[in-house]
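Chemist: For reference, the structure I am asking about is given below.
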Amino acid sequence: MNNAGVKTEKMKMPCSLYDSARTRSELVFLGRNHGSRGRSPHRGTYGQLAGLLFFICVLLAGLPAMAAGPTGGLTIAWTNNMLAISDRNIPGGKVDIWYLEAFCRSGSTRRDWRQTTIPHKTKLVSADKNGKRLQLRTLVEPNVDVLHDIRAGKDDIDFQLKLKNHGDQFVDVQWFQPCMRVDRFTGRNQSNYIVKSFIFTERGLTTLDKTRRTEEAVYPGGQVYVPKRINPDDVNPRPISLDQPVNGLIGCFSRDDKYLLAMAWDKTQELFQGVIVCLHNDPRVGGLKPGETKKLRGKVYFMRNDPEALLKRYHRDFPK
């Protein structure tokens, strides 16, 4: 519903790989030296050593590819309205996004959520076998068509959306909700994950427990952060914070503080901390006139815990 400085350790060769290399090398040398009686013992020793070093070099050269995974970087899959982002380094193995939770009308802040949501249905159009690209199509009543091109990179997911109103009447679709679940990533639950979650305010990076939170709303729980120039009557009917975000980033730190996860879009209706251990950047549509087409672009970042690097990426990807 509406939810309404990192130290890098050097990679060590696993013992099993070393044992395998030693065993294979010994087998090669035994085969080569079989029946070689009368030869200098030093010659055999030097040959064994050279062969072992060569094999280890070949093995080490392959480790970076092994560490990067079979496809290199993040992979994606979508089923039953859930987008899964996977990588061997992600705490818990993957991040799930309810994609998509809801499409919403204006006037949403002080009314029943059922009067705000617009019926929609999303289906899979195509998915490549390497888990690097998905194409989806969403039909939003009455006549809005949304095409999604989603691509997985080394450390980000890129969203390219095209929305078109095929009808002859204005459609009051103001915003929609991708709901990013962060319980496994943060290692926290609903009561305490806000200490691991952040937005950017006029004070800089601000964890959500340090924002000025309120409690009064149609639905209790969670917190809405409304950007400037957005009508506060057209957001989630949850408590609205007194702090305004200064950009479109919302994210969290991993349970071991080695990584961060963040979402951003080029147009943002609200940033939202929900009630199912989730974080939202809910993209703004702003309605669609008859025959009108709009485009939106979004990102999910999975990076080392370096907020300055995150900001640089964000400003590069979403220049003002």
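Chemist: Across the stretch 222-248, what is the total count of residues that are touching a helix residue (DSSP H, G or I) at 6+ places or on another chain (Cβ under 7 Å) and either outside any loop (DSSP other than H, G, I, E, B) or within 16 Å of Ile97 (Cβ to Cβ) (or both)?
Modeler: Qualifying residue count, the stretch 222-248: 1.
Chemist: Of all residues in the stretch 146-177, which are of a type in the set (Gly, Ala, Ser) and farther than 23 Å from Ser126 by Cα?
Modeler: Gly167
Chemist: For the stretch 267-298, give me the residue count where each residue is closer than 20 Å to Arg313 by Cα and either hydrophobic (A, V, I, L, M, F, W, C) or under 16 Å from the mean Cα position of the chain (by Cα) (or both).
Modeler: 9
Chemist: Do we find a residue being out of contact with any Lys or Arg (no Cβ under 6 Å at 6 or more places or on another chain), crowded, with 22+ Cβ neighbours inside 10 Å, farther than 30 Å from Glu141 by Cβ and not aliphatic (A, V, I, L, M) anywhere in the stretch 218-225?
Modeler: No, the stretch 218-225 has no match at all.
Chemist: Only one of these is in a loop (DSSP other than H, G, I, E, B), within 20 Å of the chain's Cα centre (by Cα), modelled with pLDDT of 95 or more and in the same structural domain as Val300 (by TED's automatic domain parsing): Gln190, Gln177, Gln160. Name it.
Modeler: Sole residue among the options that is in a loop (DSSP other than H, G, I, E, B), within 20 Å of the chain's Cα centre (by Cα), modelled with pLDDT of 95 or more and in the same structural domain as Val300 (by TED's automatic domain parsing): Gln190.
Chemist: Does Pro70 count as modelled with pLDDT under 95 and part of a loop (DSSP other than H, G, I, E, B)?
Modeler: So Pro70 passes the test.
Chemist: If you don't mind, another one. As an exercise: evaluate Val275 against (1) under 30 Å from Asp168 (Cα atoms); (2) part of a loop (DSSP other than H, G, I, E, B) and give the number of the one condition it does not meet.
Modeler: (1)
Chemist: Also: What pairs come out if I take residues in the stretch 93-113 that are within 24 Å of Lys123 (Cβ to Cβ) and pair them with residues that are among the basic types (Lys, Arg) whose C-beta lies under 9 Å away, six or more apart or interchain?
Modeler: Sorted first by the residue in the stretch 93-113, then by its partner, the pairs are Lys94/Arg184; Val95/Arg181; Val95/Arg184; Asp96/Arg181; Asp96/Arg184; Ile97/Arg181; Trp98/Arg181.
Chemist: Under 7 Å between Cβ atoms, which residue pairs at least 6 apart in sequence (or on different chains) link something in the stretch 307-318 that is crowded, with 17+ Cβ neighbours inside 10 Å with a partner that is of a type in the set (D, E, K, R)?
Modeler: What qualifies is Phe318/Asp266.
Chemist: Filter the stretch 205-221 down to residues that are within 22 Å of Ala102 (Cβ to Cβ) and either outside any loop (DSSP other than H, G, I, E, B) or within 21 Å of the chain's Cα centre (by Cα) (or both), then give me how many there are.
Modeler: Looking only at that region, the number is 1.
Chemist: I would also like to ask the following. Kindly evaluate Val171 against the criterion of being crowded, with 22+ Cβ neighbours inside 10 Å, assigned by TED's automatic domain parsing to the domain that holds Val277 and among the β-branched types (Val, Ile, Thr).
Modeler: Yes, satisfied.
Chemist: What is the one condition in (1) assigned to a strand (DSSP E or B); (2) out of contact with any strand residue (DSSP E or B) (no Cβ under 7 Å at 6 or more places or on another chain) that Gly286 does not satisfy?
Modeler: (1)
Chemist: Here's something else I'd like to know. Considering only the stretch 255-266, I want to know if a residue exists there that is in a strand (DSSP E or B), over 15 Å from Thr109 (Cβ atoms) and of a type outside the set (A, V, I, L, M).
Modeler: Yes, the stretch 255-266 contains a residue that is in a strand (DSSP E or B), over 15 Å from Thr109 (Cβ atoms) and of a type outside the set (A, V, I, L, M).
Chemist: Would you check if there is a residue in the stretch 112-119 being surrounded by fewer than 18 Cβ atoms within 10 Å (Cβ to Cβ), farther than 29 Å from Met303 by Cβ and β-branched (Val, Ile, Thr)?
Modeler: Among the residues of the stretch 112-119, at least one is surrounded by fewer than 18 Cβ atoms within 10 Å (Cβ to Cβ), farther than 29 Å from Met303 by Cβ and β-branched (Val, Ile, Thr), which makes the answer yes.
Chemist: Considering each residue of the stretch 200-225, count those that are among the acidic types (Asp, Glu) and farther than 18 Å from Arg238 by Cα, and give that number.
Modeler: Residues that pass the stated criteria total 1.
The values are calculated or read from the model by the stated rules, or taken from the named source; none is laboratory data. These figures come from a predicted structure and were not determined experimentally. For neighbour counting, all protein chains shown are included, and Cβ atoms are generated from backbone atoms with ideal geometry for every residue, glycine included.
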